[in-house]
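Engineer: My structure is below; once you've seen it, I'll send some questions.
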Amino acid sequence: MNSLLPPLPLAGIPPEDEAMRPRVRAFLREHLRDVPPEVRARSWGGFDAEFSRALGREGLLLLTLPKEYGGGGRSNHARFVMVEEMLAAGAPVAGHWVADRQTGPLIQRFGTEAQRRFFLPKMARGEVFFCIGMSEPDAGSDLASVRTRATRTESGWRLNGRKIWTSNAHRSDYICALVRTSGGPEDRHKGLSQLIFSTKLPGIHIRPIRDIAGDSHFCEVLFEDVELPADALIGEEGSGWAQVTAELGYERSGPERIYSSIVLADTWLAEMRAAGIDHPVVNVAAGRIAGRLAVLRAMSLAVAGKLERHESTELEASFVKDLGTEFEQAIPGWIRDALEAVPQFTPSDGLLRTLAFVTRISPTFSLRGGTRQIMRGILARGLGLR
Ligand SMILES: Cc1cc2nc3c(=O)[nH]c(=O)nc-3n(C[C@H](O)[C@H](O)[C@H](O)COP(=O)(O)OP(=O)(O)OC[C@H]3O[C@@H](n4cnc5c(N)ncnc54)[C@H](O)[C@@H]3O)c2cc1C
């Protein structure tokens, strides 16, 4: 193997974690009856508070966190199985997604005992929803230049500034925001901190932004002299950059970076099978999807293995995200070409609506969670090229 490449040992799913799959599938069968594919295709953009609470009751949230805080005390592989099944079925996971994927583990790792006891059990029950306030109008890829500022007051902090593209801010109870607590944008990584606070406080104005598919899931969030308690600070003051880097590791390492178009692929394949279509272009498209998915899934599982061993996944997660989003974005085009090759076949309305939806939103796959160019920059640095 080329010595430039970091080792990414393949990992299997231990039998005790694989054994969870039938239970998750049964839960999904019960809760997703009759949901059309164009709705399921939204999956981690789909918000359904009752679904998230039902998952909490089933004990399927915060799977990797200790039981004493309401977590499942399970491995990252168990969480992989749960997330993979949710995405494959197109479950509406947006409600609990942020808490389950990153803010819960962040609080567990950097929070005080009081913060753990306050937030984690509620997250595990699917009772509170979180959003991530990182990006700003002039700080997206260049996150270190955030300008939203918290200044010390006698009772805590006063916050001023603006966040943008904050997914589900208008439906969340809390926001986890990266802010400047000292210095200026020229200080870059120094002087940044993370704060967690209620989205309902006076001085917070949330404006949903409509996307090209007509959905309003992300928002602009304005802070005008918002008074925050001292314990809004999570972790250490000034350690925001290191904490946010750890958080992005959780955000970028999951199987969601390969499954965004899977409901479309499944729906198309089911219709091809039902119609008995046997055409070279269709077969090649199906083979392409299955082959690439198998390799990406193995890579994503390998990242779960590294997480389980508490090893850094920054580089490997960037590989999977870059290759995974390329794959997800290619699927609608492959399916369009395959449909054109069989003009005698009439696709269902559901398939056509799903294809239209995924085609429209697929450009966002390589933006959210860090753009393609940023992933490649991380890879180049990790390989010693910059
Ligand atoms: C669906 C969706 C949901 C999102 N949800 C959230 C959320 O919940 N919370 C949140 O904080 N943010 C969220 N974001 C924002 C997302 O993280 C940013 O859009 C992303 O980081 C890019 O930042 P930007 O939009 O400011 O683009 P810019 O940083 O301005 O980038 C514009 C272009 O320039 C390229 N570029 C920038 N810098 C470099 C460089 N150094 N080298 C090479 N190319 C470069 C980029 O790759 C991109 O193509 C979401 C975005 C999307 C699309």
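Every number here is computed from the coordinates shown, using simple stated rules; none is lab data. Since the model is a prediction, treat every value here as computed from it, not as a measurement. All Cβ positions, even for glycine, are placed from backbone atoms using ideal geometry, and neighbour counts span all protein chains on display.
Engineer: LYS67: which lysines have alpha carbons under 27 Å from its alpha carbon, excluding same-chain residues fewer than 8 sequence positions away?
Structural biologist: Candidates past the 8-residue exclusion: LYS122, LYS306.
Engineer: Highest GNM mean-square fluctuation, the chain, Cα pairs closer than 10 Å: which of ARG360, ARG53, ARG372?
Structural biologist: Taking springs between Cα atoms under 10 Å, the residue moving most is ARG360.
Engineer: Then there's this: If you place +1 on the Cβ of every Lys and Arg and -1 on the Cβ of every Asp and Glu, how big does the dipole about the Cα centre of the chain come out, in debye to the nearest 20?
Structural biologist: On the way: 48 positive and 47 negative charges, 42 e Å.
Dipole about the Cα centre, nearest 20: 200 debye.
Engineer: Now, a different point. Based on DSSP H runs of at least 4 residues, each adding -39500 (n - 2.57), what is the mean residue ellipticity at 222 nm of the chain after dividing by all its residues, to the nearest 500 deg cm²/dmol?
Structural biologist: About -14000 deg cm²/dmol.
Engineer: So for the chain, taking the charge dipole from beta-carbon charges (+1 Lys/Arg, -1 Asp/Glu), which of LEU61, THR346, VAL93 sits furthest toward the positive end?
Structural biologist: With unit charges placed on the Cβ atoms, the residue in question is LEU61.
Engineer: Another question, then. Relative to the longest principal Cα axis of the chain, at what angle does helix 314-340 sit, 0 to 90 degrees, rounded to 10?
Structural biologist: With both axes taken from Cα atoms, the answer is about 40 degrees.
Engineer: Towards the positive end of the charge dipole of the chain, with charges on Cβ (+1 Lys, Arg; -1 Asp, Glu), say which of PHE51, GLN243, HIS279 has the farthest Cα.
Structural biologist: My answer, from the dipole projection, is GLN243.
Engineer: Roughly what angle does helix 262-274 make with the longest principal axis of the chain, taking Cα atoms, 0 to 90 degrees, to the nearest 10?
Structural biologist: 10 degrees
Engineer: What is the distance, in nm, between label points placed 7 Å from the Cα along the Cα-to-Cβ direction at LEU383 and at ARG288?
Structural biologist: 2.4 nm
Engineer: Still on this model: For the chain, what's the relative contact order in percent, using C-alpha pairs closer than 8 Å and at least 6 residues apart? Numbers along the way, then the final one.
Structural biologist: Details: 680 pairs, mean separation 67.0, N = 386.
Once normalised by length, the contact order is 17 percent.
Engineer: Would you please name the trypsin sites (Lys or Arg not before Pro) within the stretch 195-276 that are DSSP coil residues with at most 13 other C-beta atoms within 10 Å of their C-beta?
Structural biologist: Values: sites: LYS200, ARG210, ARG252, ARG257, ARG273; in loops: LYS200, ARG210.
Taking the stretch 195-276 and a limit of 13 other Cβ atoms within 10 Å, the loop trypsin sites (Lys or Arg not before Pro) found are LYS200, ARG210.
Engineer: Something else: Over the stretch 15-129, what is the relative contact order in percent, taking alpha-carbon pairs closer than 8 angstrom and at least six residues apart?
Structural biologist: Computed over the stretch 15-129, the figure is 34 percent.
Engineer: While we're looking at this one, here's another question. State whether the stretch 1-144 is rounded, prolate or oblate according to the following rule on the C-alpha gyration tensor (a ≥ b ≥ c being the square roots of its eigenvalues): a/c under 1.5 gives rounded; otherwise a/b larger than b/c gives prolate, and the remaining case gives oblate. Walk me through the intermediate numbers first.
Structural biologist: On the way: a/c = 1.20, a/b = 1.08, b/c = 1.11.
Rounded.
Engineer: Rounded, prolate or oblate: which fits the chain, taking a ≥ b ≥ c as square roots of the Cα gyration tensor eigenvalues, rounded meaning a/c under 1.5, else prolate when a/b beats b/c? Each step should come with its number before you reach the end.
Structural biologist: Working: a/c = 1.62, a/b = 1.58, b/c = 1.03.
It is prolate, given that a/c is not under 1.5 and a/b is the larger ratio.
Engineer: While we're looking at this one, here's another question. Report, to the nearest 10°, how far helix 349-361 tilts away from the longest principal axis of the Cα atoms in the chain, using its own Cα long axis and a range of 0 to 90°.
Structural biologist: The helix 349-361 is inclined about 40 degrees to the chain.
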